[in-house]
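Step one of this worksheet: look at the structure below.
Read-outs throughout are calculated quantities, based only on the coordinates presented, and are distinct from any laboratory measurement. None of the values given here were measured: they were computed from a predicted structure. Methodologically, a virtual Cβ is constructed for each residue, glycine included, from the backbone with ideal geometry; neighbour enumeration extends over all protein chains shown.
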């Protein structure tokens, strides 16, 4: 029994396969057989039975054979279709030899791809489209059958490749690797050629498109043979000069002393300045006629395994004070729980006519460090419970950027306000109402350049100008991980320094400490930053001006911190005093701030800018920010979400989430 396929082709079902016959017979009566029908109807190979799907000789009428041999004298000619019975099919000897392709040696047994599979040297992969089609087809329908159903498997693959636009010659070259003693290359070529001729109208009807994110395996192989492109020039950023360390207060010199390399010392100093700036809430100064604290934001940027881990030692300096606050808070909470139990007992007794006792007040949860992995409501609550002060310190910037991506966790606006000590009002039905009158945060982060882009999508983002940046790229060098430091274990070293920090915090917390500059120092300060502002604008444009101005304020905050540490070094009690900055501390502050300014401008040059700026490169994160800005612009023009989707390609639900509609 021969059954008609799509395009007037007949095929005889495999022996003892009524399911295939029913499927084919149904399609003969109802509709043409599609590629999906052919795949679903193809039976799994049975290695225990002889292969009747193909024969080396010309099959007799009604015998099983290739697609083409089963159609001779049986298929009704479709109007305009070629006569397949008169096509001149050249032998393999007449086919031009493929350049650079080694003919498989069929006399040697190759390792089969699965049990029972015929020996093969592997098909040729001429193009990425063919590579993708074969991979997808084999994942869904299995590899090339060992015996039985081989011709149907190959025909279905040809249908699929034809739809995807794979050139016929590419598929023929690839399929030649499936040839065997009872499945010749001539039969393979005839099958593929017949499918491509009959389905010429559907060629490339569902074209394959190269991936946009990850290159295909074939493209990676080709790229490996091409001469590599020269990488981008590394960040050539300066280190903090050694003579500057000699000007620092003795405590900071001792912090950096045990670290062996200049980059590690700079990373530790940067983190220590940021952490210490959040340890003295009573330290204040007057800048632009506004009282400000010493709080600064710092971001250490470097590739993985480049020494950013030194930032963790900076956190160790204030960690004992953080633990002391947590332990005291826990004791207060335990006392509160006992008072609450007594209150409930007295409340029940009051129902009998006794006086109603006052309800105990729940104590605040005291802490110094605020986790970066946090939600907006909890950050606001923590600040409210800790006199509107706190420190965020994390060696992985993704921890913070991941939290800010969440709708419930986005507190980037709070970060910007805390840097300026601006009021922040928070009111949620479930989280409650909080009013922060003068919040202050210190931030110390470490991360890779890619993590910077996730947190700060473009150079004109408000967070960029509020951060000190220490960014570097350096070739990896091996150092002995078992070398014993001259001063002993780093844990012991920093534990001793942390005890001194706890003592300083207690002494400075006894009263307000105000730091000021002398008139000559103010002139020196303004002259330096006026020149740096002009240089930055001349080299990087007006957009860099905001970063330079805010770096100037951070430089004054550094003067405040150095002055306080110098006071402790001199054995003086700073509480309740007005301290004057020493010239050496101003010199050190200006030198360190200049290094951070140059690092920030180096990153500013590499980070994307919003649409319309002169910056040419753009990351995927900046692209998302630009898309969101475009969506908001079109929404402001009165366009509906569907119209916005049609113009920008941003999905309906994504645009609705951005607009909160």
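Overview of results
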| item | result |
| --- | --- |
| Length added when fully stretched, residue 350-residue 539, from 0.36 nm per residue minus Cα-Cα | 60.4 nm |
| Ordering of 570-576, 399-405, 436-442 by burial proxy (mean other Cβ atoms within 10 Å per residue, highest first) | 436-442, 399-405, 570-576 |
| Gain upon complete extension [residue 652, residue 365; 0.36 nm per residue less C-alpha separation] | 99.1 nm |
| Projected label distance in nm at residue 287 and residue 637, using a 7 Å step from Cα toward the beta-carbon | 4.1 nm |
| Ascending count of other beta-carbon atoms within 10 Å, so fewest first, for 498, 546, 526, 419 | 526, 546, 498, 419 |
| Order of 548, 244 under a 10 Å beta carbon neighbour criterion, fewest first | 244, 548 |
| Using distinct alpha-carbon pairs, which all enter the 1/r mean, Kirkwood radius of region 434-525 in Å | 19.1 Å |
| Relative packing of 538-544, 299-305, which averages over residues the other C-beta atoms within 10 Å, highest first | 299-305, 538-544 |
| Least to most buried among 581, 279 (fewest other Cβ within 10 Å first) | 581, 279 |
| Inter-label distance, nm, simple model (7 Å from Cα along the C-beta direction), residue 484/residue 450 | 4.0 nm |
| Within region 305-345, backbone nitrogen closer than 19 Å to the virtual label 7 Å beyond the Cα of residue 387 toward Cβ | 318-333 |
| Sorted peptide list for 557-566, 170-179, 268-277, criterion being average Cβ within 10 angstrom, highest first | 268-277, 557-566, 170-179 |
| FRET efficiency for residue 243 and residue 520, using Cβ-Cβ distance with R0 set to 22 Å, rounded to 0.05 | 0.50 |
| Tail weight of P(r) past 17 Å, computed on alpha-carbon pairs of region 285-326, percent | 59 percent |
| Extension gain from residue 305 to residue 328, taking 0.36 nm per residue of separation minus the Cα-Cα distance | 4.6 nm |
| Förster radius 25 Å - calculated FRET efficiency between residue 427 and residue 343, Cβ distance, rounded to 0.05 | 0.30 |
| Spin-label pair residue 491/residue 575, simplified geometry with 7 Å Cα→Cβ offset, distance in nm | 3.4 nm |
